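Trainee: Mind having a look at this structure? Questions to follow.
The values are calculated or read from the model by the stated rules, or taken from the named source; none is laboratory data. What you are looking at is a predicted structure, and each value in this text was computed from that prediction instead of being measured. Quick reminder, even Gly has a Cβ in these numbers, built from the backbone with ideal geometry, and neighbours come from all protein chains shown. All accessible areas refer to the heavy atoms of the entire protein, side chains included, with ligands and DNA or RNA removed. Shrake-Rupley method; radii C 1.70, N 1.55, O 1.52, S 1.80 Å.
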Amino acid sequence: MIRISDLSVTPDTPLNNPGLRALVARCVNLPIARVLECHLRKRSVDARRKNDVRLILTLDARLDTTQTEAAAVAANRRGPPRIMLAPDAPAICKPVYPPAPSIRPVVVGAGPAGLFAALTLAEAGWRSLLVERGAPVDQRKVDVESFWRGGELNPQSNVQFGEGGAGTFSDGKLTTGIQDPRCRRVLETLVAHGAPQEILYQAKPHIGTDRLPQTVKALRERICALGGQVRFYTQLTGLSIENGVLRGITLRTGDNEERLETHHLVLAIGHSARDTFEMLHAAGLHMEQKVFSLGVRIEHAQAHIDCAQYGAFAGHPALGAAEYKLAAHLPGGRSVYTFCMCPGGRVVAASSEAGGICTNGMSAFARDGANANSALLVGVSLADFPSAHPLAGIQLQRELEHAAFAAGGADYRAPAQLVSDLLAGRESRELKNVAPTYLPGITLGDLRACLPSFVLDALREALPRLGRQVRGFDAPGVLLTAPETRSSSPVRILREADGQASIRGLYPTGEGAGYAGGILSAAVDGMKAAERLMNSEQ
């Protein structure tokens, strides 16, 4: 097997099997019949030259003999593309864990960290109980869409709470900066449970909000098939601790509370379980403030972003909706950056508490909506927190969300402002060329009513700089919808090198605990928590 990397082709190049084999044959100067098989391993877009946008490919191919493969490598003295022998797939050594104890472990939270923790346990023969305060994903979709159409907010079943976690109503992005072999295992597991095959080779893989529910449901069904148990509408409300060691938990399902004995608890509660954080702090769990970011959702016409990024190639079917990732480091020390960019997507209401507004973004797998949006965030330092209390960041989030609720009209419409008016310091009164996608709707006005001055000042300073990175990013009619407050957790639950917290037997995990930054890294952290938990019995 050989690997051909840094192969630059035009967007018109066919990437079906015959097309890929033809590319390999051309690279190694052999007839196509001698290319026995070929697989696309990675695909990215190089749009640095707007008049010559290219696809950059990595291919794995098998030639007719190993001698032919060695000769192809030897002949490739200059690149690109580079040709080398493909590294052997790492041998999968299934770890040997001790037998499951008679008292089963509990996983709290059915987001990516909790699902992959429970799946890892189940595959090793440890039949955990997975509890989730929200609804199964099918019912959750009904509840969320009802709220977006103007119905009541369900505090236990919404964009933040329910099977799949907050990422279920997003773009399903699977990018991460961590280097861990478990990342590939997560991607392969997702594909095996219904995620698009493309996530195995996309440079920036995503599943899409429309495809995530079926994948999440299939993961749950696999856990149950292996002997795990899943309970919905069930919230962790208390811990039983003896001499600093976990001995049991209290669960509430509806109006009923029960005490359950357990010595192992994977805590994968996500970043929005504020009442759970308060309970854990009162129980003596060691936690600390963590820096986070807040800001707005910025919304453009997708066609504008396509033209700015791809030039004459805008709209090419092989390229799809264009993306961006921008940052501005301001002289005063603040950073402003885009996050969770949703091409062809929409801004969504992500509230989980009555009387509060927060926004998020989502896209379908096809990313075929009229608008593009992303979070436009300002870094929040510990000096910006209202107090030294470990949960002060939650207090700040809540205050801004309540202010936004009032500014929007106290009916879950979100306050919004045009970029031109933000820069000029005046109230917005009418839309221009960007139609808002947020439901139940927006209220135009002045974001000074709901965002602190340090955020608005940083946005005003950064927007012209970002407009020089992507032409028209700061155009007058671009829409800002507020607030984006939950890009990450403002709390970190401290844990030791073995993954356990100050309360032994408790494993803080994932984004809510302060140890992940998205679906993929949270899933990996969940797997590691399960592995550490099982190793603790040796």
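Trainee: Quick check on Gly284: is it crowded, with 22+ Cβ neighbours inside 10 Å, in contact (Cβ under 8 Å) with a residue 40 or more places away in the chain and either in a loop (DSSP other than H, G, I, E, B) or in contact with a helix residue (DSSP H, G or I) (Cβ under 7 Å, 6 or more places away or on another chain) (or both)?
Mentor: no
Trainee: For region 485-503, indicate whether the set of residues that are in contact with a Lys or Arg (Cβ under 9 Å, 6 or more places away or on another chain), of a type in the set (Lys, Arg) and touching a residue at least 60 places away in the same chain (Cβ under 8 Å) is non-empty.
Mentor: yes
Trainee: Hey, does region 28-38 have a residue that's within 30 Å of Thr276 (Cβ to Cβ), modelled with pLDDT of 95 or more, open to solvent by 40 Å² or more (accessible area, probe 1.4 Å) and not small (Gly, Ala, Ser)?
Mentor: no
Trainee: Of all the residues that make up region 213-246, how many are touching a residue at least 60 places away in the same chain (Cβ under 8 Å) and surrounded by 15 or more Cβ atoms within 10 Å (Cβ to Cβ)?
Mentor: 19
Trainee: Something else now. If the requirement is being in contact (Cβ under 8 Å) with a residue 40 or more places away in the chain, crowded, with 16+ Cβ neighbours inside 10 Å, hydrophobic (A, V, I, L, M, F, W, C) and in contact with a Cys (Cβ under 7 Å, 6 or more places away or on another chain), which of these qualifies: Ala458, Ala482, Ala475?
Mentor: Within the list Ala458, Ala482, Ala475, the selection yields Ala482.
Trainee: Check Ala407, Ala516, Ala482, Ala458 and return the single one that is under 19 Å from Leu294 (Cα atoms), modelled with pLDDT under 95 and aliphatic (A, V, I, L, M).
Mentor: The unique qualifying residue is Ala516.
Trainee: A further question follows. Take the residues in region 175-196 that are at pLDDT 95 or above and part of a loop (DSSP other than H, G, I, E, B), then tell me which one is nearest to Arg231 (Cα to Cα).
Mentor: My answer is His193.
Trainee: Also, I was wondering about something else. If you go through region 292-313 one residue at a time, do you hit one that is in contact with a Ser or Thr (Cβ under 7 Å, 6 or more places away or on another chain) and either among the aromatic types (Phe, Trp, Tyr) or over 27 Å from Gln397 (Cβ atoms) (or both)?
Mentor: yes
Trainee: Restricting to region 411-432, name every residue that is under 29 Å from the mean Cα position of the chain (by Cα) and part of a loop (DSSP other than H, G, I, E, B).
Mentor: Passing the criteria: Asp411, Tyr412, Arg413.
Trainee: Okay, next question. Looking only at region 273-309, which residues are among the hydroxyl-bearing types (Ser, Thr, Tyr) and under 24 Å from Gly134 (Cβ atoms)?
Mentor: Answer for region 273-309, where residues must be among the hydroxyl-bearing types (Ser, Thr, Tyr) and under 24 Å from Gly134 (Cβ atoms): just Thr276.
Trainee: Moving to a separate point now. Considering each of Arg3, Arg21 in turn, give the residue that is open to solvent by 50 Å² or more (accessible area, probe 1.4 Å) and either among the charged types (D, E, K, R) or part of a helix (DSSP H, G or I) (or both).
Mentor: Matching residue, one of Arg3, Arg21: Arg21.
Trainee: Let me ask something additional. Please list, ordered by residue number, the helices (runs of 4 or more DSSP H) wholly in region 62-157 having 1 or more residues that are at pLDDT below 95 and buried (at least 21 other Cβ atoms within 10 Å of the Cβ).
Mentor: Because the criterion is at least 1 residues that are at pLDDT below 95 and buried (at least 21 other Cβ atoms within 10 Å of the Cβ), the helices (runs of 4 or more DSSP H) in region 62-157 that meet it are 66-75.
Trainee: Could you pull out every one of the strands (runs of 3 or more DSSP E) wholly within region 229-278 that has 1 or more residues that are polar (S, T, N, Q) and touching a Leu at 6+ places or on another chain (Cβ under 7 Å)?
Mentor: It comes to 229-231, 234-242.
Trainee: In region 492-506, is there at least one residue being in a loop (DSSP other than H, G, I, E, B) and under 26 Å from Asp384 (Cβ atoms)?
Mentor: Yes, the conditions are met somewhere in region 492-506.
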